[in-house]
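> Take a look at the following structure, please.
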Amino acid sequence: MSTRQNLNYFSSPNFLDFDVKAGVLRSRGGTRMIAVNEDFLRGFVSACEHETGPAAALVLRRCGEFFGQRLARRFEAELGQYAGVSLRDRNMAEFDILVRDLWGGTGLGRLSVDWDRGQHGFLAIQLDDSPMQDIGPSGHTGDDMFAGILCGFFSGFCDAEMRSVQTGDLRLGDKEGTTFILASFEVAKRAEGMRANKLRHSEIVAALCGQASGG
């Protein structure tokens, strides 16, 4: 099978198969799936907040990291089995298409990754239509679940563990949307400091590029 074909694996109408008799939803790769609605997600967040109090945001991030790690493994295994070629042997253009197809096709939102920033030691990410966009612990607006998912997912394809920092939130009126920086712990710490100083996502990206190049 050509490595340039079938790059819409997750958004294809044939991706999901529902076994009515067994009451089971599976991907065409055989992975058992579950569909959840907004009420379930709100209930899940409320339960975390009730049980863990101020630690709810951290718990959601940890849950996201675990899910992201599992998602990366399934993403790689299913595509390798389906296409007969390792995901890691694909070029970056194909990898980008497949990652965006995974996010959109499985209801995780529309993901855009600026891979060019990798030469400066980080990735700049924008996430639109996250299912958690309007859901979070009381008084806290960060998309902690997806910050964790991004971290867990992309760490699986990097040489070292990464940390994600949310640098923009559409709910807070950020015109650049809901954005993240994914980087090593050292670079992420600098991004966190700049975000605390109210810098916008684009300003943080520019500053990190300057720091990485010695500017």
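The values are calculated or read from the model by the stated rules, or taken from the named source; none is laboratory data. Computed from a prediction, not measured in an experiment: that's the story for all the values here. Ideal geometry is used to build each Cβ from the backbone, glycine not excepted, and the neighbour counts take in all protein chains shown. These area figures cover heavy atoms from the full protein model, side chains too; ligands, DNA and RNA do not enter into them. Shrake-Rupley method; radii C 1.70, N 1.55, O 1.52, S 1.80 Å.
> Just checking, which of G168, G152 is open to solvent by less than 10 Å² (accessible area, probe 1.4 Å), within 26 Å of F40 (Cβ to Cβ) and at pLDDT 85 or above? Break it down stepwise before answering.
Values: G168 fails: within 26 Å of F40 (Cβ to Cβ).
Answer to the selection: G152.
> When you check R88 against the structure, is it open to solvent by 50 Å² or more (accessible area, probe 1.4 Å) and either closer than 20 Å to F153 by Cα or in a strand (DSSP E or B) (or both), yes or no? If you could, list the steps in order and put the result at the bottom.
Working: open to solvent by 50 Å² or more (accessible area, probe 1.4 Å): yes; either closer than 20 Å to F153 by Cα or in a strand (DSSP E or B) (or both): yes.
So R88 fits the description; yes.
> Further question: Identify, please: which residue in segment 99-111 is open to solvent by 30 Å² or more (accessible area, probe 1.4 Å) and touching a Leu at 6+ places or on another chain (Cβ under 8 Å) and is, among those, farthest from H201 (Cα to Cα)?
Ranking the candidates gives G104 first.
> Might you check whether a residue that is surrounded by 13 or more Cβ atoms within 10 Å (Cβ to Cβ), among the small types (G, A, S) and over 20 Å from G109 (Cα atoms) occurs anywhere in segment 28-37?
Yes: segment 28-37 contains one or more residues that are surrounded by 13 or more Cβ atoms within 10 Å (Cβ to Cβ), among the small types (G, A, S) and over 20 Å from G109 (Cα atoms).
> A follow-up question, please. Look at D96 and say whether it is acidic (D, E), over 23 Å from V59 (Cα atoms), open to solvent by 20 Å² or more (accessible area, probe 1.4 Å) and in a loop (DSSP other than H, G, I, E, B).
Details: acidic (D, E): yes; over 23 Å from V59 (Cα atoms): yes; open to solvent by 20 Å² or more (accessible area, probe 1.4 Å): yes; in a loop (DSSP other than H, G, I, E, B): no.
When the stated conditions are applied, D96 does not pass them.
> Quick one: in segment 156-165, of everything that is touching a Lys or Arg at 6+ places or on another chain (Cβ under 9 Å) and surrounded by 15 or more Cβ atoms within 10 Å (Cβ to Cβ), which residue is farthest from S130 (Cα to Cα)?
Taking segment 156-165 first, the residues touching a Lys or Arg at 6+ places or on another chain (Cβ under 9 Å) are 156-157, 163-165.
Okay, now just the ones that are also surrounded by 15 or more Cβ atoms within 10 Å (Cβ to Cβ), so 156, 163-165.
Details: G156: 21, R163: 19, S164: 16, V165: 16 Å.
For segment 156-165, the residue satisfying everything is G156.
> Please find, among G80, G68, the residue that is touching a Leu at 6+ places or on another chain (Cβ under 8 Å), part of a helix (DSSP H, G or I) and touching a residue at least 40 places away in the same chain (Cβ under 8 Å). Walk me through how you get there before you give the answer.
Numbers: G80 fails: touching a residue at least 40 places away in the same chain (Cβ under 8 Å).
Just one listed residue meets the conditions, G68.
> Select from segment 116-134 the residues that are surrounded by fewer than 17 Cβ atoms within 10 Å (Cβ to Cβ) and either modelled with pLDDT of 95 or more or under 15 Å from T178 (Cβ atoms) (or both) and list them in ascending order.
Residues of segment 116-134 that are surrounded by fewer than 17 Cβ atoms within 10 Å (Cβ to Cβ), as a first pass: 116, 118-119, 121, 128-129, 131, 134.
Of everything in segment 116-134, those that are surrounded by fewer than 17 Cβ atoms within 10 Å (Cβ to Cβ) and either modelled with pLDDT of 95 or more or under 15 Å from T178 (Cβ atoms) (or both) turn out to be D128, D129, P131, D134.
> Consider segment 9-27. How many of its residues are in contact with a strand residue (DSSP E or B) (Cβ under 9 Å, 6 or more places away or on another chain) and either open to solvent by 90 Å² or more (accessible area, probe 1.4 Å) or outside any loop (DSSP other than H, G, I, E, B) (or both)?
Total satisfying the criteria: 8.
> Continuing with this model, one more query. Filter segment 152-180 down to the residues that are among the hydrophobic types (A, V, I, L, M, F, W, C) and out of contact with any Leu (no Cβ under 7 Å at 6 or more places or on another chain) and list them by number.
Scanning segment 152-180 gives F157, C158, A160, V165, L170, L172.
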